[in-house]
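Visitor: Please see the structure below; I have some questions.
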Amino acid sequence: MPPQTLRINLDFDCTELLKKTKNYDKRLAYNTIVAINEGLLAVQAAERANVRERVIVRNSRFIDENIARVQKASVKAKRPWGEVFIVQKPRFLMPYLETGGYKKPGLFPELSHPTLGMPTLGGIARPERTFPVPRSLYQTVLKFKAARGGRVYIGRRFGLYAIKDVGIFQRLPGMGDSRMVYSYRKKVLLPKRLGWLKLARVVAERTAQAALFRECAKSWARAGNTF
């Protein structure tokens, strides 16, 4: 999905204050950059905390690598703006928790039909809600061969077999029974639950404006002035 952009403008004007100090134009530039970057880092912290609160994150590195990455503003680079962004990559679903959408099936060649397998809680792929699916049980690495006219697919590991439009099952040894490992769905609703844009606006406006006032006050004080 295309990235969404939120522009936040700061309304605090300290130019008249800094004109009474030396090099006010440079001071204003550096003060503004400090304020913008402080706002960016505050938004980053708030967004990551929001994800941890609202979404089960099974990989501890996932948030740092993908959520609320920051490109800072820089005087040296002549970049008077900064970005907080979510990594965009194929089949990455996190942005849809901001806008709402659907997780759709992918085509796995071994099964020869589109499948969207949801791990069954308590099965070998998802023994507990907070457990990540082991790589050895990713649907992309499981090997099956067709049987019974193409509706049933026999797995080569873990006693697995797949039934078209139903799911993936595991045979239980000595019991003559099976348990579901993945259930197939046509699509899965991804509800709006994060509110990133609204949270970013509130945090950035509050933090950056306070930081800009503070930095301007420091410049004023360094020039020997008092309020």
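The values are calculated or read from the model by the stated rules, or taken from the named source; none is laboratory data. Just so it is clear, the structure is predicted and the values come from calculations on it, not from any experiment. Reconstructed Cβ throughout: ideal geometry from the backbone, glycine too, with neighbour counts over all protein chains shown.
Visitor: One residue is enough: does the stretch 207-217 have a residue meeting the conditions in the same structural domain as residue 36 (by TED's automatic domain parsing), over 29 Å from the mean Cα position of the chain (by Cα) and either over 30 Å from residue 39 (Cβ atoms) or not hydrophobic (A, V, I, L, M, F, W, C) (or both)?
Guide: The answer is yes; a qualifying residue exists.
Visitor: Follow-up. Among the listed residues 151, 157, identify the single one that is in contact with a strand residue (DSSP E or B) (Cβ under 7 Å, 6 or more places away or on another chain) and either over 30 Å from residue 82 (Cβ atoms) or of a type in the set (A, V, I, L, M) (or both).
Guide: Values: 157 fails: in contact with a strand residue (DSSP E or B) (Cβ under 7 Å, 6 or more places away or on another chain).
Going through 151, 157 in turn, the sole match is 151.
Visitor: Taking only pairs six or more apart or across chains, which ones have beta-carbon atoms under 9 Å, a first residue in the stretch 59-77 that is farther than 16 Å from residue 87 by Cα, and a second residue that is hydroxyl-bearing (Ser, Thr, Tyr)?
Guide: Partner pairs satisfying both residue conditions: 73/32; 75/30; 75/32.
Visitor: Separate question: What are the pairs with Cβ atoms under 6 angstrom where one residue, in the stretch 178-199, is farther than 16 Å from residue 102 by Cβ and free of Cβ contacts under 8 Å to residues at least 60 places away in the same chain and the other, located anywhere, is outside any loop (DSSP other than H, G, I, E, B) and hydrophobic (A, V, I, L, M, F, W, C)? Sequence gap at least six, or different chains.
Guide: Pairs that qualify, where the first residue is farther than 16 Å from residue 102 by Cβ and free of Cβ contacts under 8 Å to residues at least 60 places away in the same chain and the partner is outside any loop (DSSP other than H, G, I, E, B) and hydrophobic (A, V, I, L, M, F, W, C), are 178/169.
Visitor: Take the stretch 167-223 and flag every residue that is of a type in the set (Ser, Thr, Tyr) and over 17 Å from residue 83 (Cα atoms). Reasoning before the result, please.
Guide: Step one: filter the stretch 167-223 for residues of a type in the set (Ser, Thr, Tyr), giving 178, 182-184, 207, 219.
If the condition is that a residue be of a type in the set (Ser, Thr, Tyr) and over 17 Å from residue 83 (Cα atoms), then 178, 182, 183, 184, 219 are the ones that fit.
Table: residues versus (1) assigned to a loop (DSSP other than H, G, I, E, B); (2) modelled with pLDDT under 85; (3) over 27 Å from residue 195 (Cβ atoms).
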{"position": "65", "(1), (2), (3)": "no, yes, no"}
{"position": "70", "(1), (2), (3)": "no, no, no"}
{"position": "81", "(1), (2), (3)": "yes, yes, no"}
{"position": "90", "(1), (2), (3)": "yes, yes, no"}
{"position": "93", "(1), (2), (3)": "yes, yes, no"}
{"position": "98", "(1), (2), (3)": "no, yes, no"}
{"position": "107", "(1), (2), (3)": "no, yes, yes"}
{"position": "114", "(1), (2), (3)": "no, yes, yes"}
{"position": "123", "(1), (2), (3)": "yes, no, yes"}
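Visitor: Scan the stretch 179-196 for residues that are exposed (fewer than 14 other Cβ atoms within 10 Å of the Cβ) and outside any loop (DSSP other than H, G, I, E, B) and jot them down.
Guide: Residues of the stretch 179-196 exposed (fewer than 14 other Cβ atoms within 10 Å of the Cβ): 179, 186-189, 191-193.
Within the stretch 179-196, 179, 188, 189 qualify.
Visitor: If I ask for residues that are closer than 24 Å to residue 102 by Cβ, buried (at least 17 other Cβ atoms within 10 Å of the Cβ) and over 23 Å from the mean Cα position of the chain (by Cα), which ones from the stretch 113-125 would you list? Break it down into steps so the answer makes sense when it comes.
Guide: First pass over the stretch 113-125, keeping only residues closer than 24 Å to residue 102 by Cβ: 113-121, 123, 125.
Narrowing the set further to residues that are buried (at least 17 other Cβ atoms within 10 Å of the Cβ) leaves 115-117, 119-120, 123, 125.
Answer for the stretch 113-125, where residues must be closer than 24 Å to residue 102 by Cβ, buried (at least 17 other Cβ atoms within 10 Å of the Cβ) and over 23 Å from the mean Cα position of the chain (by Cα): 115, 120, 123.
Visitor: Give the residue that is farthest from residue 171 (Cα to Cα), with candidates limited to residues of the stretch 126-155 that are in contact (Cβ under 8 Å) with a residue 60 or more places away in the chain and exposed (fewer than 11 other Cβ atoms within 10 Å of the Cβ).
Guide: If we filter the stretch 126-155 for residues that are in contact (Cβ under 8 Å) with a residue 60 or more places away in the chain, which is where we start, we get 129-132.
When the remaining residues are screened for being exposed (fewer than 11 other Cβ atoms within 10 Å of the Cβ), the result is 129-130.
Numbers: 129: 22, 130: 24 Å.
Checking each candidate, the answer is 130.
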